[in-house]
1. Taking the options ALA63, ALA33, name whichever one is of a type in the set (A, V, I, L, M, F, W, C) and out of contact with any strand residue (DSSP E or B) (no Cβ under 6 Å at 6 or more places or on another chain).
2. When you check VAL180 against the structure, is it of a type in the set (Val, Ile, Thr) and part of a helix (DSSP H, G or I), yes or no?
3. Just a yes or no: is a residue in segment 96-106 in the same structural domain as LEU46 (by TED's automatic domain parsing), surrounded by fewer than 18 Cβ atoms within 10 Å (Cβ to Cβ) and under 16 Å from LYS47 (Cα atoms)?
4. I'd like the residue in segment 286-313 that is on the phi < 0 side of the Ramachandran plot and not in a helix (DSSP H, G or I) and, out of all such residues, is modelled with the lowest pLDDT.
5. Of the residues GLU58, GLU48, GLU53, which is in contact (Cβ under 8 Å) with a residue 12 or more places away in the chain and exposed (fewer than 15 other Cβ atoms within 10 Å of the Cβ)?
6. When you look at ALA44, is it under 30 Å from PHE113 (Cα atoms), assigned by TED's automatic domain parsing to the domain that holds ASP111 and not in a helix (DSSP H, G or I), yes or no?
7. Where in segment 68-134 are there helices (runs of 4 or more DSSP H), lying wholly inside it, with at least 3 residues that are more than 30 Å from PHE35 (Cβ to Cβ) and more than 31 Å from the chain's Cα centre (by Cα)?
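The values are calculated or read from the model by the stated rules, or taken from the named source; none is laboratory data. As the structure is a prediction and not an experimental result, all values here were calculated from the model. Cβ: placed from backbone, ideal geometry, glycine included. Neighbour counts: every protein chain shown.
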Amino acid sequence: MFGLEALDVMIGLVAVYLAFGMACTAIVEAITAWFNVRSSNLEAALKEYFAGEVSQGESFVKAFYDHPLVQALSKGAKGRPSYIPREIVGQVVESLIMARNVGKSLVEAVDSFPDAPEINRVKGILSTFVTRAAGDVAAFRKDVEKHFDDAMDRASGWFKRYTQVVALVASAVLVIGANVDTVEISKSLASSPEVRTKTMEIAAEMLKDAKAKEERIKTTLGQDKDAVKEAVERTKESLEVYNRAMSGMESSGLQLGWKKPSRDRDFWWYLTKAVGLLVSIFAVSLGAPFWFDILQRFMQVRASGASPRKTET
């Protein structure tokens, strides 16, 4: 029986982490939407990739974004897409080269770019691709697309590091503000069968809610909406998710929030509190998808372990 109780305590803890992890994930989404982080990252990667000029005084990146194929992926004339298919990149680069050099070969067209290759970086990169392709346009496009994929890998790394920092900050605000203390929550779950039972019910409900949210994120990822409208939607969603997390955990009997400090609190109390909050901050910052998977596995183990006990009774 002790093993089952311990599992229930773990499920309760994971349910708390998932509840606040969902709020944390929603906040991160809202912040990235407000600051157009995905499209900004893409533009930064393109500026690194295509640094230089396509003609005297005209930035290659500006010409790239002004191309009709890229404009079709953007929101408005000054908008920036958050995702560009690699095939579009190859077509646009070839178009920018040849449109300004009608009647010339690919080699001649790239050679007509201003400045020497070592000065105009994009000219040096494209000259390398042209030489390697030996005049084959299809091979040239593939090289451009492969290099673009490498640039996007770096952009993905930038985005991941950015969201990790934002998630840690958001998690700290949520955890400290709501006093989500892992140590205290564990004690409450271990000492109260009623709290464990209610938390188990909430965990089952959250699995359905988290699954629906995960599917929505997958279907909307990479879609270009009005930036302000999306940011407002994400902000409202983050507030709703936070309120649901608080009400759900409090309805289970867990005591969240701060109370008036008593005089008998010593150094060890403060140390334990700091450890409990730090563990919660790190756990919540991992986000909803991580804890959704963990909770799903724990619930499966709980379900498989429950049937033998039923047969005994």
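1. Values: ALA63 fails: out of contact with any strand residue (DSSP E or B) (no Cβ under 6 Å at 6 or more places or on another chain).
Checking each option against the conditions leaves just ALA33.
2. On the way: of a type in the set (Val, Ile, Thr): yes; part of a helix (DSSP H, G or I): no.
It is false that VAL180 is of a type in the set (Val, Ile, Thr) and part of a helix (DSSP H, G or I).
3. So the first thing to find is which residues in segment 96-106 are in the same structural domain as LEU46 (by TED's automatic domain parsing), and the list is 96-106.
Still in the running and surrounded by fewer than 18 Cβ atoms within 10 Å (Cβ to Cβ): 98-105.
Narrowing the set further to residues that are under 16 Å from LYS47 (Cα atoms) leaves none.
Checked segment 96-106: no residue is in the same structural domain as LEU46 (by TED's automatic domain parsing), surrounded by fewer than 18 Cβ atoms within 10 Å (Cβ to Cβ) and under 16 Å from LYS47 (Cα atoms).
4. Applying the filter and picking the extreme gives THR313.
5. On the way: GLU58 fails: in contact (Cβ under 8 Å) with a residue 12 or more places away in the chain; GLU53 fails: exposed (fewer than 15 other Cβ atoms within 10 Å of the Cβ).
The conditions single out GLU48.
6. On the way: under 30 Å from PHE113 (Cα atoms): yes; assigned by TED's automatic domain parsing to the domain that holds ASP111: yes; not in a helix (DSSP H, G or I): no.
The answer is no for ALA44.
7. Numbers: elements: 68-71, 86-99, 106-111, 121-133.
Once the helices (runs of 4 or more DSSP H) in segment 68-134 are filtered for at least 3 residues that are more than 30 Å from PHE35 (Cβ to Cβ) and more than 31 Å from the chain's Cα centre (by Cα), what remains is 86-99, 106-111, 121-133.
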